[in-house]
2 protein chains.
Amino acid sequence: MSSPTATAKGYGISDTSKYTDFSVKEFKLKTPQSDDVTLDIEVCGVCGSDVHTITGGWGELSAPWVTPGHEIIGKVTHVGDNVKEFKVGQRVGVGAQVLSCLKCDRCNEDNEQYCPEQVDTYNAKFPDGVESQGGYSTAIRTNQRFVFAIPDAIKSEDAAPMLCAGLTVFSPLVRNGTGPGKTVGIVGIGGLGHFAIQFAHHLGAKVIVFSHSPNKKEDALSLGADEFVSTSDEGFADKYFDKIDYILSAADANSIPLGDLLSTLKIDGKLTSVGLPDEAWEGLKPQSMASNAACVGCSHIGSKKEANQMLKLAAEKGIKPIIDEVLPMSQAAKAIESVKNNTVRYRYVLKQDLA
Amino acid sequence: MSSPTATAKGYGISDTSKYTDFSVKEFKLKTPQSDDVTLDIEVCGVCGSDVHTITGGWGELSAPWVTPGHEIIGKVTHVGDNVKEFKVGQRVGVGAQVLSCLKCDRCNEDNEQYCPEQVDTYNAKFPDGVESQGGYSTAIRTNQRFVFAIPDAIKSEDAAPMLCAGLTVFSPLVRNGTGPGKTVGIVGIGGLGHFAIQFAHHLGAKVIVFSHSPNKKEDALSLGADEFVSTSDEGFADKYFDKIDYILSAADANSIPLGDLLSTLKIDGKLTSVGLPDEAWEGLKPQSMASNAACVGCSHIGSKKEANQMLKLAAEKGIKPIIDEVLPMSQAAKAIESVKNNTVRYRYVLKQDLA
């Protein structure tokens, strides 16, 4: 079989203080292996993580030049000898993870996103020393475990944002029992939250949305919320005391009224924050969780098994993101600014213009 | 039937700055009701909560004079017309809670300790306006739901500390699946922790004890720990990565190496802190729990159902506290000082000397 392409081109950032100064460069793809899939990228979603990374909010860049993007849809151009799941020409996706050890208990038990050797899609390194680069680019190559088949029923620009924003909320929702007979709270309506409302609704739960933006009420209800609660209203939590089985917060962990939200949980309930602030939680005491044995936790993207479940549900139920605009990749800076300034409603998608 | 006694005498504190100046006073017991049990107190354990309360650590006293003590064993002297579970002369116990609404879902589902109308055994008020007073006293009266039969196999001084220290750890252990095939971490070996080791062991779990006091290793192993880990050793957590299903911390929540402990949890694992510090958790970020979807939570004593399970297990397995000394109640100050200075190993019990 022919050798796959060795390089790709992308839009990247060299200086976190100039995070909209994208330059086009050629970069090396990982050394091809028999389990690898190579794809030409068609579209890529713009995620909050892209902004955190290229602005230096989560620390300095790990390489001199970094191409962000981990909501990638494209067409397979090459498969290694061990790849049976995909074939050349097939439409597939890659999310926020491109490798793990694939040998440990976590990898063997559909928890590869928690493997200690997990490799992020960009701003990280493959074991061969090659820098991982993201999807604001022409191509990506990675192990088949981290490649997802995209159902025909989902358009590429709708599928892209599911691969990080969608999966990040789908995984904790299903792991924490979201389904018929359950009442689930969703906090924060943004790129992640607007998927969470749809998934929780279509998984069969009653959905209560908590937001400090009353102007998002209509969006929340149209996405499947049963009730919308403005957290700016005094005593908003009183009516929901002991009513909620599980809360997923996609808002900044430090901007939410944590004590009030915890009071709405039933006994042994849990609040998972997928909002990852730069600062530690303020003022959280064990006592805040003593009155109902509540707990607070976190979650990290999702497994391939969950990605496949999510894509199946999305295809069946017509779940899709609300997209501001599909822009050519050369206009990445416009999308980045909108995400940074929180004017995005609810996702930008970039379309290939380098290939 | 004759009327029960209207009053009792006890050792109490009036000024949190003079928390060893116990004075003897007579006080009123709650208005007798048909579901009430009245008992003459034989012994009462000395709990960390007693110290937090009478030193003002958890806020000012709610009454001009407060008798602490909520690990109470005594003999029934009177039962109301509706009481079928207990009879006069029977040995019974009362723990850290003396009332709840007994009508709400939580009360109906064996979660009465999480009822919003729960009344603490002392430093609180009954609905009739009578101040609740604790067990450093001659008698107590309360609703039968908060009275526990004590198995013959357990001596009174051994049973007393179970009713708060024991139940506070037994409840979260059983609610979080402690049993055969599970590995449970216990953090902190004190009044609570030394019960937690025994319960976790006799519930069938593998028990790993984490402590910053290497001199407690022998005690830990003799109580049933399978392994003892000194948290002062650098990298102590590395060996336990992904090994522990559940952690119960009975140490001060701010004194434990939280990040290291969380790293030992399996996916979706939980750490419950029953240590309630005056200050908030320091430096806890959602990110600290992202690598394994862990969570941190709290718990509040236990239900009557759990108290009965605990006493049955203790009777069957010979579980009992390690008691420093059984002192006459008039020497309460000595026990209080030892608990405050953390020289207690592991529980003081006070014996009746006023009746």
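The values are calculated or read from the model by the stated rules, or taken from the named source; none is laboratory data. The model shown is predicted, which means the values in this text are computed figures rather than measured ones. Positions of Cβ are generated from backbone atoms using ideal geometry, with glycine treated the same way; all protein chains shown enter the neighbour counts. For accessibility, only protein heavy atoms count, side chains too; no ligands or nucleic acids. Shrake-Rupley method; radii C 1.70, N 1.55, O 1.52, S 1.80 Å.
How high is the relative contact order of chain B? Use alpha-carbon pairs under 8 Å, at least six apart in sequence, and give a whole percent.
Working: 827 pairs, mean separation 65.4, N = 355.
Reported as a whole number, the value is 18 percent.
Within 10 Å, at most 16 other Cβ atoms, and a DSSP state outside H, G, I, E, B define an exposed site. Report the longest part of chain B free of exposed GluC sites (Glu not before Pro).
Details: sites that count: B:E60, B:E85, B:E109, B:E117, B:E234, B:E279, B:E282.
Here the longest segment lacking exposed loop sites spans B:118-233.
Taking the Cα atoms only, what angle lies between the long axis of helix A:304-317 and the longest principal axis of chain A, rounded to 10 degrees?
The two axes meet at around 70 degrees.
Scaled to the compact-protein estimate 2.2 N^0.38 Å, what is the alpha-carbon radius of gyration of region B:85-234, rounded to two decimal places?
Rounded to two decimals, the normalised Rg is 1.22.
Assuming R0 = 30 Å, can you tell me the calculated FRET efficiency for the pair A:S14 and A:V326, based on Cβ-Cβ distance, to the nearest 0.05?
0.70
What share of the DSSP beta bridges in chain A is antiparallel, in percent to the nearest 5?
Details: 35 of 61 bridges.
In chain A, approximately 55 percent of DSSP beta bridges are antiparallel ones.
If I take all pairs of Cα atoms in region B:1-54, what percentage of them are more than 16 Å from each other? Please list the in-between numbers first.
Values: 826 of 1431 pairs.
Percent of Cα pairs beyond 16 Å in region B:1-54: 58.
Evaluate the Kirkwood expression for the hydrodynamic radius of region A:219-355, namely the inverse of the mean inverse distance over all pairs of different C-alpha atoms, and round to one decimal in Å. Present the calculation step by step, with values, prior to reporting the outcome.
Values: mean 1/r = 0.0560 Å⁻¹.
Roughly 17.9 Å, rounded to one decimal.
If N is the number of residues in region A:296-355, what value comes out of its Cα radius of gyration divided by 2.2 N^0.38 Å?
Rounded to two decimals, the normalised Rg is 1.43.
Against the longest alpha carbon principal axis of chain B, how many degrees, from 0 to 90 and to the nearest 10, is the axis of helix B:193-202 turned?
That helix lies at roughly 80 degrees to the long axis.
Could you tell me how many cubic angstrom of Cα convex hull volume region A:52-159 has per residue? Spell out each step's value before the answer.
Numbers: hull volume 13.7 nm³, N = 108.
Taking only Cα atoms, region A:52-159 has a hull volume of 127 Å³ per residue.
Can you give the calculated 222 nm mean residue ellipticity of chain A, where each DSSP H run of n ≥ 4 adds -39,500 (n - 2.57) and the sum is split over every residue, rounded to the nearest 500 deg cm²/dmol? Before the final figure, lay out the partial values.
On the way: 9 runs with 72 residues, N = 355.
Estimated from H runs of four or more residues: -5500 deg cm²/dmol.
Nearest 20 debye, what's the magnitude of the dipole of region B:166-297 about its Cα centre given +1 on Lys and Arg Cβ and -1 on Asp and Glu Cβ?
With only Lys, Arg, Asp and Glu charged at Cβ, the dipole is about 460 debye.
Provide Rg over Rh for region B:17-112; use the alpha carbon set for both Rg and the Kirkwood Rh (inverse mean inverse pair distance).
Rg/Rh: 1.00.
Average the reciprocal distances over every distinct pair of alpha-carbons in region B:142-187, invert the result, and give the Kirkwood radius in Å.
Working: mean 1/r = 0.0786 Å⁻¹.
One decimal place: 12.7 Å for the Kirkwood radius.
Given axes a ≥ b ≥ c from the Cα gyration tensor, I'd like to know whether region A:149-213 is rounded (a/c under 1.5), prolate (a/b larger than b/c) or oblate.
oblate
Measure nothing but the geometry: give the 0 to 90° angle between the long axis through the Cα atoms of B:165-175 and the longest principal axis through the Cα atoms of chain B, rounded to 10°.
Roughly 50 degrees between the two axes.
What ranking of A:D120, A:D152 comes out by heavy-atom accessible area, probe 1.4 Å, highest first? Mind showing how you got there, number by number?
Numbers: A:D120 60, A:D152 150 Å².
Per-residue accessible area, sorted high to low, gives A:D152, A:D120.
What translational diffusion coefficient, to the nearest whole µm²/s, does the protein assembly as shown have by Stokes-Einstein, given a Kirkwood radius computed over alpha-carbon pairs, a temperature of 25 °C and 0.890 mPa s viscosity?
Details: Rh = 27.7 Å.
In µm²/s, the coefficient rounds to 89.
Rounded to the nearest percent, how much of the accessible area of the protein assembly as shown (1.4 Å probe, protein heavy atoms only) is carbon and sulfur?
On the way: 12460 of 26920 Å².
For the protein assembly as shown, the apolar C and S fraction of the accessible surface comes to 46 percent.
Just add up the charged neighbours of B:A205: K/R +1, D/E -1, any other residue whose Cβ is under 10 Å from the Cβ of B:A205.
Details: positive: B:K182, B:K206; negative: B:D226, B:D245.
Local charge sum for B:A205: 0.
Could you state how much accessible area is buried at the A-B interface, both sides summed, with a 1.4 Å probe, in Å² to the nearest 100?
In total, chains A and B hide about 2900 Å² from solvent.
My understanding is that a pair violates if its Cα-Cα distance is over 32 Å; which of B:K103/B:K334; A:K87/A:K351; A:K217/B:K270; A:K285/B:K351; B:K25/B:K312 do that in this structure?
On the way: B:K103/B:K334 41 Å; A:K87/A:K351 23 Å; A:K217/B:K270 34 Å; A:K285/B:K351 35 Å; B:K25/B:K312 36 Å.
Those over the limit are B:K103/B:K334; A:K217/B:K270; A:K285/B:K351; B:K25/B:K312.
Loop only by DSSP, 12 or fewer other Cβ within 10 Å of the Cβ. Give me the trypsin sites (Lys or Arg not before Pro) in region B:33-95 that pass, ordered by residue number. If you can, show how the numbers build up before the last one.
Working: sites: B:K75, B:K84, B:K87, B:R91; in loops: B:K84, B:K87.
Sparse-neighbourhood loop trypsin sites (Lys or Arg not before Pro): B:K84, B:K87.
State the percent of C-alpha pairs, over all pairs in chain A, separated by a distance greater than 29 angstrom.
Considering chain A, 38 percent of its Cα-Cα pairs are separated by more than 29 Å.
What's the percent breakdown of Cα-Cα distances in region A:166-297 across 5 Å bins, shortest bin first?
2, 12, 24, 26, 23, 11, 3, 0
Please label the shape of region A:199-251 as rounded, prolate or oblate, based on the square roots a ≥ b ≥ c of the eigenvalues of the alpha-carbon gyration tensor (a/c under 1.5 means rounded; beyond that, a/b larger than b/c means prolate, else oblate).
Here region A:199-251 falls in the oblate category.
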